[in-house]
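Before any comments, here is the structure.
The values are calculated or read from the model by the stated rules, or taken from the named source; none is laboratory data. Fair warning: this is a prediction, and the values are worked out from it, not measured in the lab. Every residue, glycine as well, gets a Cβ built from its backbone with ideal geometry; the counts of neighbours run over all protein chains shown.
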Amino acid sequence: MAKITVVAPVVKVHYRRVIISILLLLAPTGLLMAYEEDSIQQKMVKSVFIFNIAKFVSWPEEVYQKRSQKFILCHFLEDSLGVGFEIIRNRSVSGRNLSKRVSLTLGEAKICDILFVGNGRLEDFLAESPKSDLAEVLVVADRTKALNKGQAFVGVHISLVREESNIGFEINLSEISKSKIELSPKLLELSTIVGENQSY
């Protein structure tokens with residue numbers, strides 16, 4: 001996997017425009033971005049990761065028809081990115097304007113393009129996911145605090161993981177194959193593959 005380490009200084013929120021211009025010019029995903037634990041910078045880096053991943057994902061045509069103007073990033077149970085989302089606010093994905101909301105149930109998440117499962121919420125998601133149909137929703141889980149990597153979880157398509165002091169990501173091909181979502185070959189090349197299906 002191609003890896004680029006970007007070490008950014010600790011910044012305050014009012015430097016947001018400077019950070020946007022730097023991070024959004026970086027090669028999308030496959031990046032490893034350094035961050036400080038539990039900082040605003042960390043949440044910004046995760047937000048940029050999700051935004052860049054979205055640019056290499058294709059949803060079913062009916063999704064574009066239902067939400068031709070809006071791209072919805074949902075947070076499961078709580079807004080775990082908080083102010084970090086501001087770095088990608090007013091951006092667009094395939095011509096659709098990015099917006100966010102909190103989904104308190106997976107039933108509510110059916111109208112989302114991406115469902116972000118924050119740190120500490122994976123067990124809640126797994127308890128509910130077998131009863132839910134999220135075939136048109138890309139599920140991204142934050143596992144940057146988990147000690148073990150390379151694990152595949154039912155219903156989770158992409159996991160953000162720690163690579164020493166950086167962030168990387170893993171793709172669960174088994175779950176992708178069950179969904180109606182397609183991933184760019186470039187995204188697959190830059191990822192670590194987990195799950196039963198090791199080819200795509």
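Key figures
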| read-out | value |
| --- | --- |
| Selection count where residues are part of a strand (DSSP E or B) and either surrounded by fewer than 18 Cβ atoms within 10 Å (Cβ to Cβ) or out of contact with any His (no Cβ under 7 Å at 6 or more places or on another chain) (or both), scope segment 104-124 | 3 |
| Top-ranked residue in segment 92-133 [being among the β-branched types (V, I, T) and modelled with pLDDT of 95 or more; ranked as nearest to W59 (Cα to Cα)] | I114 |
| Subset of segment 152-173 that is surrounded by fewer than 16 Cβ atoms within 10 Å (Cβ to Cβ) and either over 26 Å from M44 (Cβ atoms) or hydroxyl-bearing (S, T, Y) (or both) - its residue that is modelled with the highest pLDDT | V154 |
| Qualifying residue in segment 65-74 (condition: farther than 25 Å from I40 by Cβ and either in contact with a helix residue (DSSP H, G or I) (Cβ under 7 Å, 6 or more places away or on another chain) or surrounded by 13 or more Cβ atoms within 10 Å (Cβ to Cβ) (or both)) | yes |
| Top-ranked residue in segment 131-146 [being touching a strand residue (DSSP E or B) at 6+ places or on another chain (Cβ under 9 Å) and part of a loop (DSSP other than H, G, I, E, B); ranked as surrounded by the fewest Cβ atoms within 10 Å (Cβ to Cβ)] | K145 |
| Filter result (closer than 13 Å to L122 by Cβ, part of a strand (DSSP E or B) and not aliphatic (A, V, I, L, M)) within segment 147-169 | S159 |
| Any hit, segment 57-64, residues being outside any strand (DSSP E or B), out of contact with any strand residue (DSSP E or B) (no Cβ under 7 Å at 6 or more places or on another chain) and free of Cβ contacts under 8 Å to residues at least 60 places away in the same chain | yes |
| Test: residue in segment 105-112 that is closer than 19 Å to R143 by Cα and under 15 Å from the mean Cα position of the chain (by Cα) | no |
| Options E136, E182, E163: the member that is out of contact with any helix residue (DSSP H, G or I) (no Cβ under 9 Å at 6 or more places or on another chain) and of a type outside the set (S, T, N, Q) | E163 |
| Whichever residue in segment 187-200 is exposed (fewer than 14 other Cβ atoms within 10 Å of the Cβ) and not hydroxyl-bearing (S, T, Y) and, among such residues, is farthest from A127 (Cα to Cα) | E189 |
